[in-house]
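Undergrad: Sharing a structure with you now.
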Amino acid sequence: MTVSHYFDTMDYGPAPESDAEARQWLARHPEGFSHFIGGRPAAPSAGARFDTFEPATGAPLARLAQGSAADVDAAVAAARAAQPAWEALGGHGRARHLYALARLVQRHARLLAVVEALDNGKPIRETRDIDVPLVARHFYHHAGWAQLQEREFADQQPLGVVGQIVPWNFPLLMLAWKIAPALALGNTVVLKPAEFTSLSALLFAELAAQAGLPAGVLNVVTGDGATGAALVAHPGVDKIAFTGSTDVGRLIREQTAGSGKSLTLELGGKSPFIVFEDADLDAAVEGVVDAIWFNQGQVCCAGSRLLLQEPIAQDFIARLRVRMQSLRAGTPLDKAIDMGSLVAPIQLERVRKLVEAGVREGATCFQPDIALPAGGSFYPPTLLTDVHPASTVATEEIFGPVLVAMTFRTPDEAVALANNTRYGLAASVWSETIGLALGVAPQLQAGVVWINATNLFDAAVGFGGYRESGYGREGGREGCFEYLKPRAWAARKPRPAAAPQPAAEAPSLDLPALDRTAKLFVGGKQARADGEGVLSVLSHAGRLVGEVAAGNRKDIRNAVAAARAAAGWSGATPHRRAQGLYYIAENLALRADEFAARLVSTTGVDAAAARVEVERALGRLFAYGAWADKFEGAVHVPPMRGVALAMVEPIGVVGVACPDEAPLLSFVSLVAPLLAMGNRVVAIPGERHPLSAIDLCQVLEASDLPAGVINVVTGRHDALLPTLAAHDDVDACWSFGSAGSAALVERLSTGNLKRTLVDHGLATDWHDDAAAEGPAFLRHATQVKNIWVPYGD
Ligand code: NDP
């Protein structure tokens with residue numbers, strides 16, 4: 001080709017990046033790669049290895065170790081041994097290591113970028129300009145959190161040994177997102193990379209050891225899903241952090257239920273890309289290119305559902321098709337390509353099949369007439385129009401370069417369509433009207449919203465899902481909490497076994513409870529239970545002091561429906577919510593003596609202690625009234641012209657099972673933070689002493705909380721909790737009580753991937769503010785949405 005040819009056609013010529021250094025590194029491992037355990041390579045104990053391939057050519061690239069349970073065991077042991085010293089090193093010491101890792105990534109940026117492109121099939125332009133710089137940024141940012149740890153997280157401690165499982169779409173970036181916060185805050189790590197793409201993790205581990213990272217702090221065990229499963233099952237692991245498919249995420253939730261392991265899940269998505277009629281259409285077309293053809297669409301937050309306002313839909317599709325025609329697919333090491341190869345033939349097949357299913361279901365398929373390299377797993381950029389919102393391609397995560405387009409008429413319809421998915425990872429909103437864009441963003445059920453932009457990431461800005469896109473955040477302050485636990489919670493001891501319920505005596509005539517028909521509190525009023533049954537409530541001495549309704553699964557469902565209907569509370573201003581809590585406190589104060597007497601008669605505490613419990617409950621209501629407008633988000637300034645607004649949002653409908661101890665105070669301590677943050681609650685009072693909660697319902701009835709914001713269903717926990725924990729209209733479930741209840745709640749939360757907060761049978765001292773009040777609860781009562789708002793031309 002001559003220069004004049006390129007001048008005439010304006011075609012890009014090939015611009016290959018050299019792979020010489022990467023090939024030399026590969027060649028230094030002629031026998032194949034080992035795991036990386038305790039600071040050095042460790043051959044697979046069972047001797048098994050498997051091949052990894054270059055996606056763009058299909059040629060073998062390297063041999064990797066197949067991790068066995070014994071290998072995982074060795075890695076966990078190494079991490080455990082290293083953890084105390086790593087933690088004891090202190091924030092500054094760890095900050096220096098993290099800083100060194102950031103510098104190391106920058107020094108070896110080109111090698112890392114090439115290895116990643118070879119191993120994954122993605123364009124070097126992306127690994128070089130996006131993945132690797134973001135990796136360095138994550139280490140710098142988290143070096144900062146390490147440095148500030150003693151000051152900013154003084155009431156927290158590291159979790160211990162963390163098992164981290166990452167997918168193949170951003171192998172090195174996911175490694176950084178996972179290990180940077182974990183290590184910064186004093187944990188040690190066993191990382192399981194994806195079997196398709198383990199090389200950059202092994203290279204990173206080698207380099208990190210050369211840079212002086214202490215042995216055992218970072219361990220890498222390669223292998224397939226079974227290796228990941230062994231890590232999940234290992235009893236020596238304190239937390240699992242997983243990124244990958246929703247199916248495997250669910251499996252991990254089920255397998256870790258009741259184990260006491262912390263868990264964060266970053267799962268799939270089907271993110272909407274909403275274009276309003278007043279958008280800058282050409283900018284939005286470029287946005288689509290970044291949203292769905294970046295990394296061949298193998299991006300969990302890919303904008304894979306294009307939602308177009310009707311008046312501009314045809315025009316937009318026409319412009320998009322023209323743009324698609326100029327996309328360049330090619331070999332990953334060519335610096336002038338837009339798209340590389342999918343990661344493996346199995347993914348190619350999956351994408352093909354899903355597109356075929358879409359066409360069978362009526363979609364029109366457009367693929368530009370562009371050249372694809374022979375061999376490898378290349379798939380063209382694809383646009384599906386005439387797509388029905390319920391069709392397979394509109395609902396399933398395709399995880400490939402396939403965009404489905406639909407239309408809407410009004411902003412409300414756009415929001416409804418955008419939220420019409422079980423996922424909630426990200427969303428992109430395009431409009432030149434700031435009021436419209438910022439009005440739509442809070443209505444979108446997604447952890448990240450980009451205004452007039454897409455696929456922006458930064459270490460300071462948390463990333464993670466709503467709904468079935470998983471829970472937990474990576475990045476920012478909120479991401480740090482995923483690798484810490486409150487010291488006050490770490491000190492909890494198993495709840496003492498309850499003394500056997502004394503035999504019932506004849507009812508005491510001096511107590512007031514028997515004159516009432518036992519009722520539930522649902523939808524703002526006292527409600528009869530579905531069944532006829534009642535449960536006798538005995539005092540500590542065995543006296544019959546009252547009866548409560550024996551609620552059943554239908555009562556739970558009614559309560560959930562009432563809570564669902566009370567959605568206005570989640571949009572109420574923090575001031576309004578604070579007023580609601582203060583007003584409850586005011587009404588409770590008026591009846592303080594009565595509540596204290598109830599505690600004396602039921603739990604057997606003396607009058608002074610009962611008075612203290614009532615006073616503390618009042619204090620707690622005040623505290624959460626105070627927090628309601630003070631537990632706020634943040635404004636981040638990521639490296640762009642613009643800001644990212646970290647908004648603290650309620651989770652939605654939350655079920656709470658309360659413990660028996662300190663029945664008034666524990667009930668208030670669990671319900672008030674949820675109300676303060678705008679959640680609607682279905683509460684099950686402690687089984688043994690439910691009367692304080694029932695009395696409180698009268699206070700609630702007289703308060704100005706809207707109907708359905710709080711609902712109380714009494715009854716046996718084993719009859720009620722399974723329905724609550726499994727209910728698909730419940731967004732989170734808290735359980736404070738037995739270890740068995742905790743396991744049950746975690747296990748049954750998998751259906752819609754509820755957020756859970758359970759005590760695993762460890763007793764909280766409800767009188768201790770450090771353990772029973774404040775941000776630790778508020779964080780569990782909220783989820784952070786980051787809204788990116790670029791500005792300027
Ligand atoms: P997986 O969820 O299976 O893989 C993610 C990671 O989990 C990998 O390291 C994998 O190991 C590991 N793993 C697999 N099974 C288990 C298990 N039982 N216990 C513990 N760890 C396990 O995703 P796939 O790679 O199979 O991709 C399938 C689909 O998932 C994709 O087509 C895409 O739709 C979606 N996906 C979504 C991602 C996201 O970020 N949202 C990321 C990746 C995939 P190994 O690779 O060795 O099998």
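The values are calculated or read from the model by the stated rules, or taken from the named source; none is laboratory data. The structure presented is a predicted model; accordingly, all values stated were derived computationally and were not measured. Every residue, glycine as well, gets a Cβ built from its backbone with ideal geometry; the counts of neighbours run over all protein chains shown.
Undergrad: I'd like the full set of residues that are away from the ligand (no atom under 16 Å from the Cβ) and not aliphatic (A, V, I, L, M), limited to segment 152-188.
TA: 152, 153, 155, 156, 157, 158, 160, 181, 186, 187, 188
Undergrad: So which residues in segment 445-456 are within 16 Å of the chain's Cα centre (by Cα) and part of a loop (DSSP other than H, G, I, E, B)?
TA: 445, 446, 447
Undergrad: Something else about it: Among (1) part of a loop (DSSP other than H, G, I, E, B); (2) away from the ligand (no atom under 16 Å from the Cβ); (3) not polar (S, T, N, Q), where does residue 442 come up short?
TA: Only one criterion in (1) part of a loop (DSSP other than H, G, I, E, B); (2) away from the ligand (no atom under 16 Å from the Cβ); (3) not polar (S, T, N, Q) is unmet by residue 442, namely (1).
Quick grid of which residues meet (1) more than 23 Å from residue 492 (Cα to Cα); (2) out of contact with any Ser or Thr (no Cβ under 6 Å at 6 or more places or on another chain); (3) at pLDDT 95 or above:
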{"position": "704", "(1), (2), (3)": "yes, yes, no"}
{"position": "708", "(1), (2), (3)": "yes, yes, yes"}
{"position": "716", "(1), (2), (3)": "yes, yes, yes"}
{"position": "722", "(1), (2), (3)": "yes, yes, yes"}
{"position": "726", "(1), (2), (3)": "yes, yes, yes"}
{"position": "733", "(1), (2), (3)": "no, no, yes"}
{"position": "738", "(1), (2), (3)": "no, yes, yes"}
{"position": "742", "(1), (2), (3)": "no, no, yes"}
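Undergrad: Six or more apart or on different chains, Cβ atoms under 9 Å: show the pairs whose first residue is in segment 209-226 and more than 20 Å from residue 85 (Cβ to Cβ) and touching a residue at least 24 places away in the same chain (Cβ under 8 Å) and whose second is more than 16 Å from the ligand (Cβ to nearest atom) and part of a loop (DSSP other than H, G, I, E, B).
TA: Partner pairs satisfying both residue conditions: 222/34.
Undergrad: While we're on this one: Within segment 380-405, take every residue that is out of contact with any strand residue (DSSP E or B) (no Cβ under 8 Å at 6 or more places or on another chain) and in a helix (DSSP H, G or I) and give me the one that is nearest to residue 247 (Cα to Cα).
TA: Top of the filtered list is 395.
Undergrad: OK, next. Kindly indicate which of 251, 213 is near the ligand (Cβ under 8 Å from one of its atoms) and either surrounded by fewer than 24 Cβ atoms within 10 Å (Cβ to Cβ) or in a helix (DSSP H, G or I) (or both).
TA: Going through 251, 213 in turn, just one is near the ligand (Cβ under 8 Å from one of its atoms) and either surrounded by fewer than 24 Cβ atoms within 10 Å (Cβ to Cβ) or in a helix (DSSP H, G or I) (or both): 251.
Undergrad: Regarding segment 458-468, can at least one residue be identified that is in contact with a Lys or Arg (Cβ under 8 Å, 6 or more places away or on another chain) and among the hydroxyl-bearing types (Ser, Thr, Tyr)?
TA: Looking for residues that are in contact with a Lys or Arg (Cβ under 8 Å, 6 or more places away or on another chain) and among the hydroxyl-bearing types (Ser, Thr, Tyr), one finds at least one in segment 458-468, hence yes.
Undergrad: Could you grab me the full set of residues in segment 384-405 that are under 10 Å from residue 355 (Cβ atoms) and more than 15 Å from the ligand (Cβ to nearest atom)?
TA: Residue satisfying the conditions is 384 alone.
Undergrad: Of all residues in segment 223-248, count the ones that are under 20 Å from residue 169 (Cα atoms) and more than 8 Å from the ligand (Cβ to nearest atom).
TA: Qualifying residue count for the region: 2.
Undergrad: Are any of the residues in segment 261-277 over 25 Å from residue 489 (Cα atoms), at pLDDT below 95, within 11 Å of the ligand (Cβ to nearest atom) and not in a helix (DSSP H, G or I)?
TA: Within segment 261-277, one or more residues are over 25 Å from residue 489 (Cα atoms), at pLDDT below 95, within 11 Å of the ligand (Cβ to nearest atom) and not in a helix (DSSP H, G or I).
Yes/no per residue for (1) within 29 Å of residue 727 (Cβ to Cβ); (2) in contact (Cβ under 8 Å) with a residue 12 or more places away in the chain:
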residue	(1), (2)
382	no, yes
388	yes, yes
400	no, yes
410	no, no
435	no, no
462	yes, yes
478	yes, yes
482	yes, yes
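Undergrad: Still on this structure, please answer the following. Does segment 654-669 include one or more residues that are within 27 Å of residue 546 (Cβ to Cβ), of a type in the set (Phe, Trp, Tyr) and touching a residue at least 60 places away in the same chain (Cβ under 8 Å)?
TA: Looking through segment 654-669, none of the residues is within 27 Å of residue 546 (Cβ to Cβ), of a type in the set (Phe, Trp, Tyr) and touching a residue at least 60 places away in the same chain (Cβ under 8 Å).
Undergrad: Then there is this: Residue 425 - would you say it is more than 16 Å from the ligand (Cβ to nearest atom) and either buried (at least 22 other Cβ atoms within 10 Å of the Cβ) or aliphatic (A, V, I, L, M) (or both)?
TA: no
Undergrad: Would you be able to say whether some residue in segment 296-310 is within 16 Å of the ligand (Cβ to nearest atom), surrounded by fewer than 19 Cβ atoms within 10 Å (Cβ to Cβ), modelled with pLDDT of 95 or more and not aliphatic (A, V, I, L, M)?
TA: No: segment 296-310 contains no residue that is within 16 Å of the ligand (Cβ to nearest atom), surrounded by fewer than 19 Cβ atoms within 10 Å (Cβ to Cβ), modelled with pLDDT of 95 or more and not aliphatic (A, V, I, L, M).
Undergrad: Could you say whether any residue in segment 758-771 is under 23 Å from residue 495 (Cβ atoms), buried (at least 21 other Cβ atoms within 10 Å of the Cβ), touching a strand residue (DSSP E or B) at 6+ places or on another chain (Cβ under 6 Å) and free of Cβ contacts under 8 Å to residues at least 40 places away in the same chain?
TA: yes
Undergrad: Of all residues being of a type outside the set (S, T, N, Q) and buried (at least 24 other Cβ atoms within 10 Å of the Cβ) in segment 271-286, which is farthest from residue 339 (Cα to Cα)? Just the residue, please.
TA: Of everything passing the filter in segment 271-286, 279 is farthest from residue 339 (Cα to Cα).
Undergrad: Quick one: how many residues across segment 540-556 are on the phi < 0 side of the Ramachandran plot, in a loop (DSSP other than H, G, I, E, B) and of a type in the set (Gly, Ala, Ser)?
TA: Final tally of qualifying residues: 3.
Undergrad: Next up: Which residues, taken from segment 360-390, are in contact with a Gly (Cβ under 9 Å, 6 or more places away or on another chain), surrounded by fewer than 18 Cβ atoms within 10 Å (Cβ to Cβ) and of a type outside the set (A, V, I, L, M)?
TA: Of everything in segment 360-390, those that are in contact with a Gly (Cβ under 9 Å, 6 or more places away or on another chain), surrounded by fewer than 18 Cβ atoms within 10 Å (Cβ to Cβ) and of a type outside the set (A, V, I, L, M) turn out to be 365, 373, 375, 386, 388.
Undergrad: State the number of residues belonging to segment 63-84 that are farther than 18 Å from residue 187 by Cβ, touching a residue at least 60 places away in the same chain (Cβ under 8 Å) and among the small types (Gly, Ala, Ser).
TA: Summing the residues that are farther than 18 Å from residue 187 by Cβ, touching a residue at least 60 places away in the same chain (Cβ under 8 Å) and among the small types (Gly, Ala, Ser) in segment 63-84 gives 4.
Undergrad: While we're on this one: Return the total of residues in segment 723-762 being assigned to a loop (DSSP other than H, G, I, E, B) and either among the aromatic types (Phe, Trp, Tyr) or in contact with a Cys (Cβ under 8 Å, 6 or more places away or on another chain) (or both).
TA: Total meeting the criteria: 4.
Undergrad: Being modelled with pLDDT of 95 or more and of a type outside the set (A, V, I, L, M) is the filter; apply it to segment 544-558 and report the residue that is surrounded by the fewest Cβ atoms within 10 Å (Cβ to Cβ).
TA: Of everything passing the filter in segment 544-558, 554 is surrounded by the fewest Cβ atoms within 10 Å (Cβ to Cβ).
Undergrad: Do we have any residue at all in segment 339-347 that's within 16 Å of the ligand (Cβ to nearest atom), free of Cβ contacts under 8 Å to residues at least 60 places away in the same chain and crowded, with 16+ Cβ neighbours inside 10 Å?
TA: Scanning segment 339-347, I find at least one residue that is within 16 Å of the ligand (Cβ to nearest atom), free of Cβ contacts under 8 Å to residues at least 60 places away in the same chain and crowded, with 16+ Cβ neighbours inside 10 Å, so the answer is yes.
Undergrad: Moving to a separate point now. Pull out all pairs, ordered by first then second residue, where Cβ-Cβ is under 7 Å, the residues are six or more apart or on different chains, the first lies in segment 1-24 and is closer than 30 Å to residue 202 by Cβ and at pLDDT below 95, and the second is surrounded by 10 or more Cβ atoms within 10 Å (Cβ to Cβ) and of a type in the set (A, V, I, L, M, F, W, C).
TA: 15/336; 16/333
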